[in-house]
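Visitor: So that we are looking at the same thing, I have put the structure below in structure tokens.
The values are calculated or read from the model by the stated rules, or taken from the named source; none is laboratory data. Quick caveat: nothing in here was measured; it's all calculated off a predicted structure. Cβ placement follows ideal geometry from the backbone for every residue including glycine, while neighbour counts extend to all protein chains displayed.
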Amino acid sequence: MTYLKTSIFALFFCMTALSGGAEERRILVLGDSLTKGYGLDPEDAYPSLLQEKIKESGLDDWTVMNGGVSGDTTAGGLRRINWLLRKEVDILIVALGGNDGLRGIDPSETEKNLQGIIDAARKKCPDLKIIIAGMQMPDNLGKDYVKRFREAFPKVAEENDLPMIPFLLEGVGGNPDLNQPDFVHPNEAGQKIIAETVWKVLGPIVGES
């Protein structure tokens, strides 16, 4: 009987240890074709590379979800956010806006949509941590538009007291060696640099959570 009790206790202890392991925590990257990894295998897109960095850091309880949709705008992200947050998310990276700029959408509309995404996300997940990724447009779209567009992202981040990735494509945009032949979408090497850029901001937040 003593042996049986000991065995049952041992089994209970093991099951408790397993079930008591760190609960899965989620990072959602809300983005467009840059996030989706257009033209590349899914494992070469920067969200997958972020997952590798997390594992290398020994943070196995974190899962990165790729919420990239090719062609998406901030308005599209606003429409999708509630659906994507059906499961609780701990960190949200908002990496949208590039297609807003390419379509000439007024930066004030981009600001409004970004704020809408933030408000909807906080309503669904009150404890959610949000990171804003900045975007920039080439000078051929006009200096005034380029300036207003660039300033929209830090403005939203500052007004909401959010950490920010200054420019998602830092060191990648405009470099033919880091982009595919369309000169818009990063290649494998470019995606690795994006992952490093994002990790500079994301890494400390994950480590402290």
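Visitor: Criterion first (surrounded by fewer than 17 Cβ atoms within 10 Å (Cβ to Cβ) and free of Cβ contacts under 8 Å to residues at least 12 places away in the same chain) does Asn179 satisfy it?
Guide: no
Visitor: Name the residue, out of Gly207, Gly190, Gly116, that is assigned to a helix (DSSP H, G or I), modelled with pLDDT of 95 or more, surrounded by fewer than 19 Cβ atoms within 10 Å (Cβ to Cβ) and at negative phi.
Guide: Gly116 is the lone residue from the list that is assigned to a helix (DSSP H, G or I), modelled with pLDDT of 95 or more, surrounded by fewer than 19 Cβ atoms within 10 Å (Cβ to Cβ) and at negative phi.
Visitor: Let me ask something else. Please specify each residue of segment 146-168 satisfying the condition of being more than 20 Å from Glu109 (Cβ to Cβ) and assigned to a loop (DSSP other than H, G, I, E, B). Show your work before the answer.
Guide: Kept after step one, since they are more than 20 Å from Glu109 (Cβ to Cβ), are these residues of segment 146-168: 161, 163, 165-167.
Answer for segment 146-168, where residues must be more than 20 Å from Glu109 (Cβ to Cβ) and assigned to a loop (DSSP other than H, G, I, E, B): Asp161, Pro163, Pro166, Phe167.
Visitor: Just name the residue that is surrounded by the fewest Cβ atoms within 10 Å (Cβ to Cβ) out of those in segment 70-101 that are among the hydrophobic types (A, V, I, L, M, F, W, C) and out of contact with any strand residue (DSSP E or B) (no Cβ under 8 Å at 6 or more places or on another chain).
Guide: Result: Trp83.
Visitor: Name every residue in segment 198-208 that is in contact with a strand residue (DSSP E or B) (Cβ under 9 Å, 6 or more places away or on another chain) and within 13 Å of Pro47 (Cβ to Cβ), in order of residue number.
Guide: Once the filter is applied, which keeps residues that are in contact with a strand residue (DSSP E or B) (Cβ under 9 Å, 6 or more places away or on another chain) and within 13 Å of Pro47 (Cβ to Cβ), segment 198-208 yields Val198, Leu202.
Visitor: Here's a follow-up. Any residue that is outside any strand (DSSP E or B) and either of a type in the set (Lys, Arg) or under 16 Å from Ile131 (Cβ atoms) (or both) - is there at least one of those in segment 169-183?
Guide: There is at least one residue in segment 169-183 that is outside any strand (DSSP E or B) and either of a type in the set (Lys, Arg) or under 16 Å from Ile131 (Cβ atoms) (or both).
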